[in-house]
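The values are calculated or read from the model by the stated rules, or taken from the named source; none is laboratory data. Not measured: the values here are computed from a predicted model. Glycine gets a Cβ as well: all are built from the backbone with ideal geometry, and neighbour counts include every protein chain shown. Keep in mind that these areas ignore ligands, DNA and RNA; they rest on the heavy atoms of the full protein, side chains included. Shrake-Rupley method; radii C 1.70, N 1.55, O 1.52, S 1.80 Å.
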Amino acid sequence: MSHGSPFRGITGPVLTLGFVSFLTDVSSEMIYPLLPIFLTTVLGAGPAALGMIEGAAESMAAIVKLLSGVWSDRVRNRSRLVFLGYSLSSCSRPLVAAATSASHILCIRLTDRAGKGVRTSPRDAMIADAVAPSVRGKAFGFHRSMDHAGAVIGPLLATALLTWWVHDLRVVFWLASLPGLLAVGLIAWKVREPAPERRALATPPALSWAWPSGALRRYLLILFIFTLGNSTDAFLLLRAAGLGVPTAQLPLLWVVFHIVKMVSSMPLGAQSDRFGRRRVILAGWGVYALVYLGFAAATQPWHVWALFALYGVFYGCTEGTERALLADLSTPSMRGAAFGWYHGITGIGLLPASLLFGALWQHAGPQAAFSVGAVLAAVAAAGLMLCLDVSSRLHS
């Protein structure tokens, strides 16, 4: 690989975990966009059941991410937790094909999201440990790019299957098990703990649920403020439909959104290695505020397409860079807990964020809801500038 390769510094474990995420998201996104239709038309459940199932599933994932992150600092081989988490999800998710009631879907989604919770924080800690601090932004950006690539391929593959080969949603769900099983096999074959010093620890750190201190605590609080203005993206699709985007085009709009995230995550993450994490995060939050103000002011369908593409740039700026900064501010012995708190508070914060956004939309209109989201992003950006002193050097 040449010195100028865009993949320079991306180590074997990061490459492998990227392909694991790609395969897992192909499997997941073959099912997830079709799940509301299957639940309401095939199983006869209503929108309330869908909301309850998804809310419970995401809450489960947020809580388990915290638990798993803290626990992963006590084990010498985080790859076992990663294997367990991906196995739970990959083996449970296709069972949607055998479901005959909404309660079955609830159990499957809870198991799937529990698997995501088990694997996410240990996996992110492994990525941070597997590369030099000077390329952490690129490494996390690469991983997010592979994840989004799977989110592009999965819906397209499901659409192709339903258009030309099969006519039963259950068959598509069973076929979705194949990339998931390939992901689990790849973990068993290739993924190993990348930090030998962790395996050599004679005494693992004590199990602690203490709230992080110092700069890490301030960073997590700032992220929580931002999360309060960052409700579920389902509201963006609802706004798109209200502005005249045909229902048949909504999946295509979602694919375009993921393509932008896919192509922007690695290069923008790499920019944080060069220009600093805080600058790139601030740029992303600025884009977010502009997008939300744009959704408040939009009047035409073409506005939605442009805003969704720009919204993908926000993810490219922030998803990998936020994780890289978290790794910079944490120590190797407590890195799993740091990622656990990160995923926990951002996941749990989505519930009040969505409730606030929905209440504002219902009582004051979408313009007010999107405007408040933009204001909270600006408040979080001010907090990041004023309350978090991130030096130019990278913390190991």
By accessible area with a 1.4 Å probe, ligands and nucleic acids excluded, highest first: order of LYS190, LYS65:
LYS190, LYS65
Could you tell me the extents of segment 1-112's C-alpha atoms along the three principal axes, largest first, rounded to whole Å?
57, 34, 21
Gyration tensor (Cα only) of segment 242-396 to equivalent ellipsoid, semi-axes in Å sorted down, yields 30, 18, 15
How large is the Rg to Rh ratio of the chain when both quantities use alpha carbon positions and Rh follows Kirkwood?
0.95
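Okay, helix-only estimate at 222 nm for the chain: each DSSP H run of n ≥ 4 adds -39500 (n - 2.57), divide by all residues, round to 500 deg cm²/dmol; what do you get?
Value at 222 nm, helices only: -25000 deg cm²/dmol.
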Peptides ranked, highest mean first, by Cβ atoms within 10 Å: ranges 352-362, 266-276, 120-130:
120-130, 266-276, 352-362
Could you work out how far apart the two model spin labels at THR41 and ALA359 are, taking each label as a point 7 Å from the Cα in the direction of the beta carbon, and quote it in nm?
3.6 nm
Determine how many Å³ per residue the convex hull of the Cα atoms of segment 282-369 encloses.
93 Å³
Ordered by residue, what ³J(HN,Hα) values in Hz, to whole numbers, does segment 136-150 give under the Karplus form 6.51 cos²θ - 1.76 cosθ + 1.60, where θ = phi - 60° and Gly and Pro are x?
4, x, 5, 5, 5, x, 4, 4, 5, 4, 5, 4, 5, 4, x
Reach of LYS116 by Cα under 15 Å, taken over aspartates and glutamates that are not fewer than 8 positions away in the same chain:
ASP25, GLU29, GLU54, GLU58, ASP124, ASP147
At q = 0.12, 0.13, 0.18, 0.20 1/Å the base-10 log of I(q)/I(0) from the Debye formula over the alpha-carbon atoms of segment 102-192 is -0.54, -0.63, -1.06, -1.19
